[in-house]
Amino acid sequence: LLQLFRPLDLLGFVYRTIRQGLVDMAEMFRLMDTAIEVEDAPGAPALVIRKPTVAFDNVVFGYEPDRTILHGLSFEVPAGDNIAIVGPSGAGKSTIARLLFRFYDPWSGRILIDGQDIAAVQQDTVRAAIGIVPQDSVLFNETIGYNIAYGKGGTDEQTMLAAARDAAILPFIEQLPKGFDTEVGERGLKLSGGEKQRVAIARTLVKNPPILMLDEATSALDSRTEQDILATLDRISRDRTTLSIAHRLSTVADADDIIVLDQGQLAERGTHAALLKHDGLYAEMWARQQSEREE
Ligand code: ATP
């Protein structure tokens, strides 16, 4: 019976989350895998953010009872900083993102935003505070305006224009005969990978989240488009606390600080220069990547 109901539960969860405009559908499925819905404690207060600090405090977590993925992970991100999370494949980088978005609760330890345990506040208010820019964005077969605004219901035109401008997609939209009312997707205008990514960034900006979680683009953008998108992401992350999950290292050199994760543990932390000097795992990963590039 449980087997039968689980998928239904999951669908309800997906539907509610999409309706709340929290993340887009592809990202939803990617992040969730088989996420179980977490429950708010009765009478849980709203998250109130004055300074968007993020902290993991001795977090232990696994997806299955007999396999621990994060082994007592602790780190702090000061408000407004841009932190890159790197590490070998399977180290637990995306797991950090899933926990921060509260798709799961830790087995022990706490995750704090501005000093408040995210497991003790209303989960909607946690998710409203975090903007995710996913690797690959999927758009609805709807108008560009709809695709941008569903980041937040009842978005006014000013907000939408500002978001499109900040995502550097406004000039593109304005030269279309139907502007924001242009249908995109299967029956409408086909957008390039870079344009899609910009619509997704605009969608995130509509939420005006104090915390950003960037999942490095792995979709095949040409390198010039990728550089342009990175410049946009850099600009929008300036006034926000940003965690960037980097599956490659090429984009992390400018981060305020780099967290190096290895098998669910914090292996190293520091700036690009300091970590190279330290000559540990990061330096090794960097050297390997440089030589791969040369080849
Ligand atoms: P990559 O750079 O390859 O994307 P990552 O560092 O982001 O890797 P995670 O996705 O956080 O790694 O995964 C960490 C570990 O957790 C992996 O060993 C993975 O197999 C496991 N894992 C991830 N999602 C689940 C899940 N839904 N159920 C069970 N195990 C999972």
**OP:** Could you check how many residues of the stretch 107-137 are within 16 Å of the ligand (Cβ to nearest atom) and either surrounded by 21 or more Cβ atoms within 10 Å (Cβ to Cβ) or among the acidic types (Asp, Glu) (or both)?
**Re:** 5
Original post:
Residue check: is Ala162 in a helix (DSSP H, G or I) and either among the acidic types (Asp, Glu) or modelled with pLDDT of 90 or more (or both)?
Top reply: yes
**OP:** Could you run through the stretch 88-97 and say how many residues are buried (at least 20 other Cβ atoms within 10 Å of the Cβ) and not aliphatic (A, V, I, L, M)?
**Re:** 3
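Residue by residue, here is whether (1) modelled with pLDDT under 80; (2) among the small types (Gly, Ala, Ser); (3) under 26 Å from Ala91 (Cβ atoms); (4) away from the ligand (no atom under 16 Å from the Cβ) holds:
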| position | (1), (2), (3), (4) |
| --- | --- |
| Ile18 | yes, no, no, yes |
| Met25 | yes, no, no, yes |
| Met28 | yes, no, yes, no |
| Leu31 | yes, no, yes, no |
| Val38 | no, no, yes, no |
| Pro42 | no, no, no, yes |
| Pro45 | no, no, no, yes |
| Phe56 | no, no, yes, no |
| Phe61 | no, no, yes, no |
Original post:
Would you call Val77 under 21 Å from Ile236 (Cβ atoms) and at pLDDT 95 or above?
Top reply: yes
Original post:
Looking at (1) within 14 Å of the chain's Cα centre (by Cα); (2) closer than 14 Å to Leu70 by Cα; (3) more than 9 Å from the ligand (Cβ to nearest atom), which is the only condition Phe103 fails?
Top reply: (2)
Original post:
Out of curiosity, is Gly154 surrounded by fewer than 17 Cβ atoms within 10 Å (Cβ to Cβ), at pLDDT below 95 and under 16 Å from Leu266 (Cβ atoms)?
Top reply: no
**OP:** Only residues that are within 6 Å of the ligand (Cβ to nearest atom) and among the aliphatic types (A, V, I, L, M): list them for the stretch 83-100, please.
**Re:** Ala91
**OP:** Kindly indicate whether Ile173 is in a helix (DSSP H, G or I), under 30 Å from Leu99 (Cα atoms) and either of a type outside the set (Asp, Glu) or in contact (Cβ under 8 Å) with a residue 40 or more places away in the chain (or both).
**Re:** no
Original post:
Does Gly80 satisfy the criteria of being surrounded by fewer than 20 Cβ atoms within 10 Å (Cβ to Cβ), small (Gly, Ala, Ser) and more than 17 Å from Leu214 (Cα to Cα)?
Top reply: no
Original post:
For the stretch 215-269, which residues satisfy the criterion of being polar (S, T, N, Q) and surrounded by 15 or more Cβ atoms within 10 Å (Cβ to Cβ)?
Top reply: Thr225, Thr232, Ser237, Thr241, Thr242, Ser244, Thr251, Gln265
**OP:** Mind telling me which of the residues Phe75, Phe56 ends up being touching a residue at least 40 places away in the same chain (Cβ under 8 Å), of a type outside the set (A, V, I, L, M), crowded, with 20+ Cβ neighbours inside 10 Å and assigned to a strand (DSSP E or B)?
**Re:** Phe56
**OP:** Please give the number of the condition Phe103 fails out of (1) in contact with a strand residue (DSSP E or B) (Cβ under 7 Å, 6 or more places away or on another chain); (2) modelled with pLDDT under 95; (3) in a loop (DSSP other than H, G, I, E, B); (4) closer than 27 Å to Arg50 by Cβ.
**Re:** (1)
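The values are calculated or read from the model by the stated rules, or taken from the named source; none is laboratory data. Keep in mind that this is a model prediction, so the values were computed, not measured. Every residue, glycine among them, receives a Cβ derived from its backbone with ideal geometry; neighbour counts consider all protein chains shown.
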